[in-house]
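Trainee: Before I ask anything, here is the structure I am working with.
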Amino acid sequence: MSETTGSRRTQVAIIGAGPAGLLLGQLLARGGVDALVLERQSAAYVLGRIRAGVLEQGSVEVLGEAGVGQRLLAEGLPHEGIELAFDGERHRIDLAALTGRRVTVYGQTEVTRDLMQARAAAGLRTVYEAADVSLHGFEGSSPVVRWREGERTHEVRCDYIAGCDGFHGVSRASVPAGALRTFERVYPFGWLGVLSDTPPVSDELIYANHPRGFALCSMRSRSRSRYYLQCALDERVENWSDERFFDELRSRLDEAAAARLVTGPSIEKSIAPLRSFVAEPMRFGRLFLAGDAAHIVPPTGAKGLNLAVADVRSLARALISRYRTGDETGLDAYSERCLRRVWKTVRFSWWMTTLMHRFPGTGDFDQRIQEAELGYLVGSKAASTALAENYVGLPFED
Ligand code: RFL
Ligand code: PHB
């Protein structure tokens, strides 16, 4: 039997040290609210996950408010447009002209690194490699979180628990069955991603619709590229040499882009499944879900990380005002307010996924329909604006 060490107290126990958990910890600390962050993995493991790359302007602003905007401002790449490739040609969507806003290319790894450093510099504690995290008493007034470090079991008493532990985390799974309604769409394909130290094929991101399947040309810097190919769900990374990957990518691009593509050894290669998922509500008593713990979107619209930032912004504001003035209206409105934005974003990501990918079992008719919609999109200011408004990010509600 392992022994339980002395119980400690914090105001908010945050489960998960991904971008959602770390950003919440940072915003709360700046608002004078005490929090402890518990993470199942090591810090190195968390930093090794290659994920998102595009930040909405609103997300950049929130990271600035959290005091971690300096390197982002210096090294992030502002993008004022994206390119859509289909039927052998590329067309630019001028985000800045259509919306007055832009996005910033800055890797999720870098966001996480900045947040980790800010947390360490402020002397705030994160428990990494916290095993068997369990949540108790959140339906009442005194929640407790327990975990194991080696042989020792620890616990923290708190006022609130923030479940920021991603799609496979323990927080959502701790909610009593029946208290939660979930909505899900699993797509019949995945994304095979490659990171390489090669200059990006274009100054802007290219989203390509092609009869062989979707392709995306993204980047992390002027010398590091991130490329994705739509692949079958049962595809295996081992079957994709770098050469095969780049040959396939070239075949899905327009001639000019294919000719410009600079290839080089991959430094990361992985396959991600695509899914849309929403859990309602996002609050149970004193447990609040935020980020991927509550919802997942396919990466086509570059929205997952940005949604996590929007949730956390709202939760931090609500908690800070609860501690400052005792006012709980922000906490009471949290779930509904977030879900309005979540569903709009789920819709956008689903739409962009449907428009850009080749679905198994569909044929030339469906390809022509997609090309017709893309043609309309790039030719109509109204339709381009609708895409651009969503891509740069819908305004925060408060
Ligand atoms: P995370 O990043 O999954 O972090 C959750 C953390 O919780 C920990 N954890 C636990 N800790 C303690 N106890 C437990 N029982 C635990 N269970 C889990 C995990 O180890 C982890 O550290 O969720 P968070 O913070 O909500 O952040 C969400 C984002 O990571 C995610 O939405 C984005 O990466 C999605 N995404 C993209 N989003 C964008 O906004 N723009 C993009 O360009 C973009 N591209 C992408 C993406 C996701 C991708 N994949 C691999 C799914 C591209 C890809 C390929
Ligand atoms: C990325 O750079 O990883 C990225 C960019 C845009 C997306 C998805 C992923 O839509």
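The values are calculated or read from the model by the stated rules, or taken from the named source; none is laboratory data. Computed from a predicted model, the values in this text were never measured in an experiment. Every residue, glycine as well, gets a Cβ built from its backbone with ideal geometry; the counts of neighbours run over all protein chains shown. Areas reflect the complete protein model, heavy atoms only, side chains present, ligands, DNA and RNA absent. Shrake-Rupley method; radii C 1.70, N 1.55, O 1.52, S 1.80 Å.
Trainee: List every residue whose amide H lies under 5 Å from the amide H of Ile82, counting only residues 5 or more places away in sequence or on a different chain, with H placed 1.01 Å from N in the peptide plane.
Mentor: Correct list: Ile93, Leu95.
Trainee: While we're on this one: Antiparallel DSSP bridges in the chain: what percent, to the nearest 5?
Mentor: So the antiparallel bridges in the chain amount to around 75 percent.
Trainee: Length gain on complete extension for the stretch Tyr376 to Leu47, per 0.36 nm per residue less the alpha carbon to alpha carbon distance?
Mentor: 114.4 nm
Trainee: Apply the Karplus parameterisation 6.51 cos²θ - 1.76 cosθ + 1.60, with θ equal to phi minus 60°, to every residue of region 254-269 and state each ³J(HN,Hα) to the nearest whole Hz, in sequence, with x for glycine and proline.
Mentor: Using θ = phi - 60°, the values come out as 5, 4, 4, 5, 4, 5, 7, 4, 9, 9, x, x, 6, 10, 7, 8 Hz.
Trainee: Quickly work out the Ala121-to-Arg30 label distance, labels modelled 7 Å from Cα along the C-beta direction, and quote it in nm with one decimal.
Mentor: 1.2 nm
Trainee: If you add up the charges near Ala120, with Lys and Arg at +1 and Asp and Glu at -1, over every other residue whose beta carbon is less than 12 angstrom from its beta carbon, what do you get?
Mentor: Numbers: positive: Arg113, Arg119, Arg125; negative: Asp114.
Around Ala120, the surrounding residues sum to +2.
Trainee: Relative to the Cα centre, what is the charge dipole magnitude of region 241-398, using +1 at the beta carbon of each Lys and Arg, -1 at the beta carbon of each Asp and Glu, and rounding to the nearest 20 debye?
Mentor: It works out to roughly 460 debye.
Trainee: Hey, if you put +1 on the Cβ of every Lys and Arg and -1 on every Asp and Glu Cβ in the chain, which of Val62, Cys231, Ala256 ends up farthest toward the positive end of that dipole?
Mentor: Most positive-ward Cα: Val62.
Trainee: Here's a follow-up. If amide H atoms are built 1.01 Å from N in the plane of the peptide, which residues on other chains or at least 5 residues away come under 5 Å of the amide H of Ala66?
Mentor: none
Trainee: Another question about this same structure. Below 8 Å, C-alpha to C-alpha, sequence gap of six or more: please give me the relative contact order for the chain in percent.
Mentor: Once normalised by length, the contact order is 21 percent.
Trainee: I need the phi-derived Karplus couplings for region 341-358: 6.51 cos²θ - 1.76 cosθ + 1.60, θ = phi - 60°, integer Hz, Gly and Pro marked x.
Mentor: Karplus values, whole Hz, x for Gly and Pro: 5, 4, 5, 5, 6, 4, 4, 4, 5, 4, 5, 5, 5, 5, 6, 9, 9, 8.
Trainee: Same structure again: Could you work out the relative contact order of region 262-398? I mean the mean sequence separation of Cα pairs under 8 Å and 6+ apart, divided by the number of residues, in percent.
Mentor: Relative contact order for region 262-398 comes out at 21 percent.
Trainee: Also, I was wondering about something else. Tell me which residues come under 5 Å, amide H to amide H, from Arg9 once H is placed; ignore anything under 5 positions away on its chain.
Mentor: Under 5 Å from the amide H of Arg9 lie the amide H atoms of Arg157, each far enough along the sequence or on another chain.
Trainee: Then there's this: How would Met282, Met116 rank on accessible area, largest to smallest, probe 1.4 Å?
Mentor: Numbers: Met282 0, Met116 30 Å².
These residues rank, largest area first, as Met116, Met282.
Trainee: Could you give each residue of region 140-157 its phi-based ³J(HN,Hα) in whole Hz, using Karplus coefficients 6.51, -1.76, 1.60 with θ = phi - 60°, and x for Gly or Pro?
Mentor: Whole-Hz 3J(HN,Hα) from phi for region 140-157: x, 9, 9, x, 9, 10, 10, 7, 10, 10, x, 8, 8, 9, 10, 9, 10, 8.
Trainee: Separation of region 221-279 and region 82-102 by C-alpha centroid, Å?
Mentor: Each part's Cα centre sits 21 Å from the other's.
Trainee: Given only helices, namely DSSP H runs of n ≥ 4 each adding -39500 (n - 2.57), what is the per-residue ellipticity at 222 nm of the chain, to the nearest 500 deg cm²/dmol?
Mentor: On the way: 13 runs with 150 residues, N = 398.
After summing the helix terms and dividing by residue count, I get -11500 deg cm²/dmol.
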